[in-house]
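Everything on this sheet refers to the single structure shown next.
The values are calculated or read from the model by the stated rules, or taken from the named source; none is laboratory data. Note that this is a predicted model, so its numbers are computed, not measured. Note that each Cβ is placed from the backbone with ideal geometry, even for glycine, and that neighbours are counted across all protein chains shown. We work out accessible area using only protein heavy atoms, side chains counted, and drop any ligands, DNA or RNA first. Shrake-Rupley method; radii C 1.70, N 1.55, O 1.52, S 1.80 Å.
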Amino acid sequence: MHAAVVHRFDAPPRYATFADPEPQAGELPVTVTAAGLHPIVKALANGTHYGSTGELPLVPGVDGVGRLEDGSRVFFGIARSPFGTFAEHALAANWMCIPLPDGLDEATAAGIANPAMSSWMALTARAKFVAGENVLILGATGVAGRLAVQIAKRLGAGRVVAAGRNPQALEALKDLGADAVISLEQDHDPLVAAFRSEYAEAGVNVVLDYLWGHPAESLLAAIAQKGLRKASSRLRFIQIGESAGRTVSLPAATLRSSGLELLGSGFGSASLDQIRTAVAAFFQTAAGQPFQFHVKTAPLSEVEALWNAPEPGSRLVFQP
């Protein structure tokens, strides 16, 4: 079959031939029709993601849309290495093979599922979000962050605060449901003050963090309390991505002086049942009332040339 093939972790995959996958117990063969180029796909393909096995050569891609042998459309994922979804044929774990609702086209489903799950899963499974709670999103101007604003509102958030760097994109988020925006293009002290004002005055119950690094440090500094008579409300800080840095400095007093709870959301922190249930629920919601989301499609044969091409505001989806 034809596929995108990673031969080296320091180079983009090339369009080449690769052995057809043979299903094992618990797997279903799928003819792939669309697969999204998500950040996790790139991280696994360059060997930096914690889920990388180090095995080469490999076909990248963690999920996709395709057709089963009976012709039914499905969203599928979690294929067995080295077989990914950037290929003409792939394997679907039978537990992660979800019928695609009629109201959802294949390219959109392939592009939207991964970024949407980053916030849908974080809110529903990790934060145990309750309608009416307030949500602050660090990194709200990216593809996943824009969806997070919409998803938080769709799930009933009382107030959504969007924090990001791009001023035009931040302003546009108000049309998607953001009640307030905070620019990350500030010096440390003013940024901490802006976060502290939001936390102290309106209140924040859940943080969705796509950035980590300095922006996360600034927010954590903002919630630290001074004095022995102050009581802090519970704050669930859900760590999702690390585009601003892989580490933070966290003073012990921040944990002792606040209601902070640090949680991660990603493969390994949620159960397989939670993932499948969340994907199916999201697809039903998206089919009934679409989210504002943009995809750009390209033939899989162009994977090497487009692998590192910027696609601001949209998700690149390859079609075999």
Does residue 149 fit the bill of being out of contact with any His (no Cβ under 9 Å at 6 or more places or on another chain), more than 27 Å from residue 26 (Cβ to Cβ) and either open to solvent by 20 Å² or more (accessible area, probe 1.4 Å) or modelled with pLDDT of 95 or more (or both)? yes
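Tell me which residues, restricted to segment 262-274, are open to solvent by less than 70 Å² (accessible area, probe 1.4 Å) and among the aliphatic types (A, V, I, L, M).
So the first thing to find is which residues in segment 262-274 are open to solvent by less than 70 Å² (accessible area, probe 1.4 Å), and the list is 263-266, 269-271, 274.
Within segment 262-274, 263, 270 meet the criteria.
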Kindly check whether there is at least one residue in segment 16-34 that is outside any loop (DSSP other than H, G, I, E, B), of a type in the set (Phe, Trp, Tyr) and touching a residue at least 60 places away in the same chain (Cβ under 8 Å). no
Lone unmet requirement of (1) assigned to a loop (DSSP other than H, G, I, E, B); (2) surrounded by fewer than 19 Cβ atoms within 10 Å (Cβ to Cβ) for residue 277: (1)
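With the structure loaded, tell me whether residue 244 is open to solvent by less than 70 Å² (accessible area, probe 1.4 Å), in a loop (DSSP other than H, G, I, E, B) and of a type outside the set (Ser, Thr, Tyr) or whether it fails that test.
Details: open to solvent by less than 70 Å² (accessible area, probe 1.4 Å): yes; in a loop (DSSP other than H, G, I, E, B): yes; of a type outside the set (Ser, Thr, Tyr): yes.
So residue 244 fits the description; yes.
Could you tell me which residue of segment 1-51 is farthest from residue 300 (Cα to Cα), considering only residues that are β-branched (Val, Ile, Thr) and open to solvent by less than 30 Å² (accessible area, probe 1.4 Å)?
Going through segment 1-51, the residues β-branched (Val, Ile, Thr) turn out to be 5-6, 17, 30-33, 40-41, 48.
Cutting the leftovers down to open to solvent by less than 30 Å² (accessible area, probe 1.4 Å) gives us 5-6, 30, 32, 40-41.
Numbers: 5: 11, 6: 14, 30: 16, 32: 11, 40: 18, 41: 14 Å.
Ranking the candidates gives 40 first.
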Determine which single condition residue 181 fails, assuming it passes every other condition in (1) touching a Leu at 6+ places or on another chain (Cβ under 8 Å); (2) open to solvent by 30 Å² or more (accessible area, probe 1.4 Å); (3) not in a strand (DSSP E or B). (3)
Those residues of segment 193-214 which are open to solvent by less than 50 Å² (accessible area, probe 1.4 Å) and at pLDDT 95 or above, in sequence order: 194, 195, 204, 205, 206, 207, 208, 209, 210, 211, 212, 213
